[in-house]
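K.L.:
The following block contains the structure, expressed as structure tokens.
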Amino acid sequence: MLLDIQALQSMSVLTVLTGILILYFLLSSAQRIYNIYFHPLSKFPGPWYRSAFHFPYHYEQIKGHAPHNYIKLHEKHGPVVRIGPDQLSFTCSQAYKDIYGFHSHRRQVPKDFKRFPNVPIDWPLFGSDDGEHSRLRRLVAHAFSETALREQEPLIQSHIHGLVQKIRSVIDVDPETHFDMSKYFDLLSFDIITDLTYGESFDGVRTGETNQLLKDLYQGSKLNPILLTSWDYAPLMWLLKFLFSLPKAKELQEGEEKGQKDRMNRRRAKGTDAKKDFMSYILVDEGKDNDSLTENEILGLARLFVGAGGEEPASMMSTILYYLLTNPSAHDRARKEIRDAFVSIEEINNVKLAQLPYLGAVISETFRIHHSGAQRFSRRTTRTEMIGGYEVPPNTSVDVNHHVIGRVSANYAEPTFFAPERWLSETLDQFKFDDKAALQPFATGPRACLGKNVAYLEIRTTLAYLLWTFDMELIGDSKDWIQGQKMKLIWHRPPMNVGFKVR
Ligand code: HEM
């Protein structure tokens, strides 16, 4: 009798479990069928499995293949593709304006933090809602003005000069030494951005040492796809929350925050005697009135400046140098333009560099062919919106991927071909139908890049100093450097070995 009851109990547990599984399977299938055939996005083109499931999107994020996949999808399906059950990707220039632009008659499409590069959302400005964002942007804009840039130029130049000196001093001793320029551009860019933000740099170029911040960035970026995935899979989210609440994780975060506070205190102590940097503008207004920035906001902004302004210029400088060194005619022309324009390296300045057409064309073409920010900067519709001529329902995650839009043949003839001439007035017939408006490397609208002018100055000056001083060549495997790079929040760049000769 006892045995019978036990058998009955274990059978009923089994039956309940089987019932739950069957129910889950039925509900899940119903959800997939709904997603494919009845969902408000079902009229948009794209593979059925992407309409049905979230996992193809998460899998490509984890593998780092997402932008490569989106190019193929857009080539097949056109300017709008449903890349996930609730996600649309656009590749027409009108979509840039509709998603990110200024609109006088309606509010902007808000950021979609569920599908956004998962930076800490407590970054003020980047993670702020629209009202708070416009207040913060107004309070920091003057640190990025043309006047501020002119005052910050000597600081930026001095770091780039340090790079030239470093290379010269090493090849003077051993002319065969090669430099991993992908690493050195990281070191340079982080030296510049930390000096502009905290008034002190990691001295990375001089020492050749990768600092902890950079190491953390590369390690942390690999976690980004997993954080993104957790939004769609609750158990993973619980697990991450638990791991982040462990004492070791808290200790690491507190250590990072303390280091940052100490750096900012040292910058504060220098007051107005410091070299001109971002804080020369921001700290003077601290506590002026009720509206001014708080100490915590300033700390958060400093973290944002270093996070947003360190890796991207380095990635672009590496990519530009790669394309120049693999395209001899472009390299010759850029080098000649720089060497003809300046008699000495001391003469090189941003105002004059901005007027050099070929250098400008090389930079634009590199942004088009391999943009540093190839992650999705997603927004989420809160009501029906017209985007790129399509009626998009509410609660849809939408974006234009800066890398993908430059690589589709609907926008550019021969999109995989590096041709700076596209951007010149003498443009060849084959490129005359290119959609120039599809290039918005720093985005557009109220949340466009705040550091655009700083980035251009840094990129132009670095290239000009190097091209003016050295003859350069790619060494060995680095000729394939661009192949197979993975995008996990940032491009994971392999070493790029370059040989130098003083001209
Ligand atoms: C090649 C270099 C760079 C590229 C391609 C780039 C690109 C971008 C893009 C596309 C956005 C808009 C993201 C969105 O849609 O929300 C952005 C935002 C931002 N960038 Fe950059 N950026 C670069 C360098 C810099 C530098 C040097 C700084 C210096 C601090 C900087 C600071 C910022 C800030 C503060 C924002 C947030 C603006 C806001 O939300 O109002 N960026 N950047």
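K.L.:
Which pairs have Cβ atoms under 8 Å, sit 6 or more apart or on different chains, and link a residue in the range 361-373 that is under 20 Å from LYS486 (Cβ atoms) to one that is among the aromatic types (Phe, Trp, Tyr) and assigned to a helix (DSSP H, G or I)?
P.N.:
So the pair list comes out as THR366/TYR323; ILE369/TYR323; HIS370/TYR323.
K.L.:
Select from the range 45-67 the residues that are out of contact with any Asp or Glu (no Cβ under 8 Å at 6 or more places or on another chain), in a helix (DSSP H, G or I) and in contact (Cβ under 8 Å) with a residue 60 or more places away in the chain and list them in ascending order.
P.N.:
Residues satisfying the conditions are GLN61, ILE62, LYS63, PRO67.
K.L.:
Kindly provide the set of residues from the range 418-457 that are crowded, with 16+ Cβ neighbours inside 10 Å and within 7 Å of the ligand (Cβ to nearest atom), ordered by number.
P.N.:
Those that are crowded, with 16+ Cβ neighbours inside 10 Å and within 7 Å of the ligand (Cβ to nearest atom): PRO441, PHE442, ALA443, ARG447, CYS449, LEU450, GLY451, VAL454, ALA455.
K.L.:
Of all residues in the range 32-44 being out of contact with any helix residue (DSSP H, G or I) (no Cβ under 7 Å at 6 or more places or on another chain) and assigned to a helix (DSSP H, G or I), which is surrounded by the fewest Cβ atoms within 10 Å (Cβ to Cβ)?
P.N.:
PHE38
K.L.:
Name the residue that is farthest from the ligand (Cβ to nearest atom), counting only residues in the range 458-484 that are over 20 Å from GLU346 (Cβ atoms) and among the small types (Gly, Ala, Ser).
P.N.:
Filtering the range 458-484 down to residues over 20 Å from GLU346 (Cβ atoms) leaves 471-484.
So of that shortlist, the ones also among the small types (Gly, Ala, Ser) come out as 476, 478, 484.
Working: GLY476: 27, SER478: 21, GLY484: 21 Å.
Within the range 458-484, the match that is farthest from the ligand (Cβ to nearest atom) is GLY476.
K.L.:
Tell me the helices (runs of 4 or more DSSP H) entirely within the range 301-356 that contain at least 3 residues that are closer than 30 Å to LEU489 by Cβ. So that I can check it myself, show each step before the final result.
P.N.:
Working: elements: 311-325, 328-341, 350-353.
Output list reads 311-325.
K.L.:
Within the range 89-100, how many residues are away from the ligand (no atom under 16 Å from the Cβ) and surrounded by fewer than 24 Cβ atoms within 10 Å (Cβ to Cβ)?
P.N.:
Taking the range 89-100 as the starting set, the residues that turn out to be away from the ligand (no atom under 16 Å from the Cβ) are 92, 94.
Narrowing the set further to residues that are surrounded by fewer than 24 Cβ atoms within 10 Å (Cβ to Cβ) leaves 94.
Of the residues in that region, 1 qualify.
K.L.:
Taking the range 427-446, which residues are more than 9 Å from TYR412 (Cβ to Cβ), of a type outside the set (S, T, N, Q) and not in a loop (DSSP other than H, G, I, E, B)?
P.N.:
Of everything in the range 427-446, those that are more than 9 Å from TYR412 (Cβ to Cβ), of a type outside the set (S, T, N, Q) and not in a loop (DSSP other than H, G, I, E, B) turn out to be ASP429, LYS436, ALA437.
K.L.:
Okay, next question. Among the residues of the range 458-465, is there at least one that is under 17 Å from the mean Cα position of the chain (by Cα) and either at pLDDT 95 or above or under 30 Å from ARG168 (Cβ atoms) (or both)?
P.N.:
In the first step, residues of the range 458-465 are kept if they are under 17 Å from the mean Cα position of the chain (by Cα); the result is 458-459.
Applying the additional criterion that residues be either at pLDDT 95 or above or under 30 Å from ARG168 (Cβ atoms) (or both) yields 458-459.
Within the range 458-465, one or more residues are under 17 Å from the mean Cα position of the chain (by Cα) and either at pLDDT 95 or above or under 30 Å from ARG168 (Cβ atoms) (or both).
K.L.:
Let me ask another. Go through the range 295-336 and give me each residue that's away from the ligand (no atom under 15 Å from the Cβ), at pLDDT below 95 and not acidic (Asp, Glu).
P.N.:
ASN296 - this is the single residue of the range 295-336 that is away from the ligand (no atom under 15 Å from the Cβ), at pLDDT below 95 and not acidic (Asp, Glu).
K.L.:
Quick one: ASN290 ticks every box in (1) loosely packed, with under 13 Cβ neighbours inside 10 Å; (2) modelled with pLDDT of 90 or more bar one, so which box is it?
P.N.:
(2)
K.L.:
Something else: If you take the residues of the range 192-227 that are surrounded by fewer than 23 Cβ atoms within 10 Å (Cβ to Cβ) and among the hydrophobic types (A, V, I, L, M, F, W, C), which of them is farthest from the chain's Cα centre (by Cα)?
P.N.:
This residue is PHE202.
K.L.:
Step by step: first the residues of the range 69-88, then only those that are under 22 Å from the mean Cα position of the chain (by Cα) and free of Cβ contacts under 8 Å to residues at least 40 places away in the same chain, then the one that is surrounded by the most Cβ atoms within 10 Å (Cβ to Cβ). Which residue is that?
P.N.:
It comes out as ILE83.
This table checks each residue for (1) within 24 Å of the chain's Cα centre (by Cα); (2) not aliphatic (A, V, I, L, M).
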site	(1), (2)
ALA302	yes, no
MET316	yes, no
ASN349	no, yes
LEU356	no, no
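K.L.:
Are any residues in the range 444-503 of a type in the set (A, V, I, L, M) and under 30 Å from ARG138 (Cα atoms), and if so, which ones?
P.N.:
So the first thing to find is which residues in the range 444-503 are of a type in the set (A, V, I, L, M), and the list is 448, 450, 454-455, 457, 459, 463-464, 466-467, 472, 474-475, 482, 487, 489-490, 496, 498, 502.
Matches in the range 444-503: ALA448, LEU450, VAL454, ALA455, LEU457, ILE459, LEU489, ILE490.
The values are calculated or read from the model by the stated rules, or taken from the named source; none is laboratory data. These numbers were taken from a predicted model, which means no experiment stands behind them. For neighbour counting, all protein chains shown are included, and Cβ atoms are generated from backbone atoms with ideal geometry for every residue, glycine included.
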